[in-house]
Amino acid sequence: MTWKACELHSHTFHSDGKQSLLELAKGAKALGFDCVALTDHNTMTGLAGKERIEEETGMSIISGMEWTTFYGHMVTIGLTEFVDWRLAGLGDIHQGIAEVHAHGGIAGMAHPFRIGSPMCTGCFWEFNIEDWNDIDYIEVWSGTFPSIKTNNARAFRLWTEKLNEGFRIAATSGRDWHTQEQTDEPVSVTYLNIDETEGSQTSRAVRALAAGRASVTMGPLVTLELRTASAVYGIGDCVPKQERSGSYEAFVTIDFQARAGLWHYPEAGYTLVLTGNHGQMSEQQVRLDESVYRIEISGEELMWVRAELKGTVRGVRTTIAFTNAIYAATSEGE
């Protein structure tokens, strides 16, 4: 298993972007990404020449499409053929999600609380969701310097609420990248823990994200494990009922060398926080010369836990990184 730096939301001039696929791939490589998902609005024509561009740039390109409707934008990743978005009405998005799943893709809510019409038609999510088990992921960070945006804070709270309700939904970031214009704002990365033993790069990325094996950051890569007496569980895993105990050893690893030279927070004053369904479970200061932290946490009625890295960026105390959840089964067979 390998952690790969991915950009999961981007556009070319085949929709409303101002870049070619080659320009996108080169730009992603310059920013230290290993893969980029092309998610043009309602079209997959921008993927023409994908294999040639992958060979030329060394960048893995994940096939996708952003369903762009009056009632919300839904990023679909992993599709190998067009799945028609035009039949999706306010009350039947589940039929569309089922079609995406049937064609090997996964579906995520894009920037669900971004301002909608008339500023951005359909950008605010209005689709009725009857079963949250159908939603594979939520794009909780959108744009550059995403952690300080109020619409992203709402999306992050939505994700947390759904975890507390017992749903296992992944969280991602997406730049919603349209042009190769330079920015001095922090750029977020979704790292996917990819099994490279079989399948295409697209199918591997889809499996990783569907399983919740993801960690999001504007800086260092943060990973999390829970250890019991007999096993080790990573991000996206579920501790089975028979492994439940009074306490767990949580191991957090912080890799400050990830994408070295592409971010720099000299006055961050990092703090590591573990959060679960009961709220904050632990907090401690982080040393730049220490990469692994062992924290004992209570397993009593634990449903999920994630790691969060806080720090000061441009004078703002904010979240710099967070992992997806490790879950704890509440019944036999989970």
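The values are calculated or read from the model by the stated rules, or taken from the named source; none is laboratory data. Keep in mind it's a predicted model, so treat the numbers as computed, not measured. Cβ sites come from the backbone with ideal geometry, for glycine too, and all protein chains shown count toward neighbours.
One table, with the values for the structure above:
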{"item": "Residue ID - surrounded by the fewest Cβ atoms within 10 Å (Cβ to Cβ), chosen from residues in the range 259-283 that are in a loop (DSSP other than H, G, I, E, B) and among the hydrophobic types (A, V, I, L, M, F, W, C)", "result": "Ala260"}
{"item": "Breaking point among (1) assigned to a loop (DSSP other than H, G, I, E, B); (2) in contact (Cβ under 8 Å) with a residue 60 or more places away in the chain; (3) among the polar types (S, T, N, Q), for Ser230", "result": "(2)"}
{"item": "Subset of the range 231-243 (residues that are more than 18 Å from Arg306 (Cβ to Cβ) and out of contact with any helix residue (DSSP H, G or I) (no Cβ under 7 Å at 6 or more places or on another chain))", "result": "Pro240, Lys241, Gln242, Glu243"}
{"item": "Breaking point among (1) within 18 Å of the chain's Cα centre (by Cα); (2) in a helix (DSSP H, G or I), for His94", "result": "(1)"}
{"item": "Criterion: over 23 Å from the mean Cα position of the chain (by Cα) and surrounded by 11 or more Cβ atoms within 10 Å (Cβ to Cβ) - qualifying residue of Ile320, Ile295", "result": "Ile295"}
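A quick yes/no check of all residues on (1) within 17 Å of Ala88 (Cβ to Cβ); (2) out of contact with any Gly (no Cβ under 8 Å at 6 or more places or on another chain); (3) buried (at least 20 other Cβ atoms within 10 Å of the Cβ); (4) not assigned by TED's automatic domain parsing to the domain that holds Phe70:
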{"position": "Arg114", "(1), (2), (3), (4)": "no, yes, yes, no"}
{"position": "Pro118", "(1), (2), (3), (4)": "no, yes, no, no"}
{"position": "Thr121", "(1), (2), (3), (4)": "yes, yes, no, no"}
{"position": "Asp131", "(1), (2), (3), (4)": "yes, yes, no, no"}
{"position": "Ile148", "(1), (2), (3), (4)": "no, yes, no, no"}
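This table checks each residue for (1) crowded, with 18+ Cβ neighbours inside 10 Å; (2) out of contact with any strand residue (DSSP E or B) (no Cβ under 6 Å at 6 or more places or on another chain); (3) in a loop (DSSP other than H, G, I, E, B).
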position	(1), (2), (3)
Asn193	yes, no, no
Glu198	no, yes, yes
Thr202	yes, no, no
Ala208	yes, no, no
Gly219	yes, no, yes
Leu224	yes, no, no
Gly236	yes, yes, yes
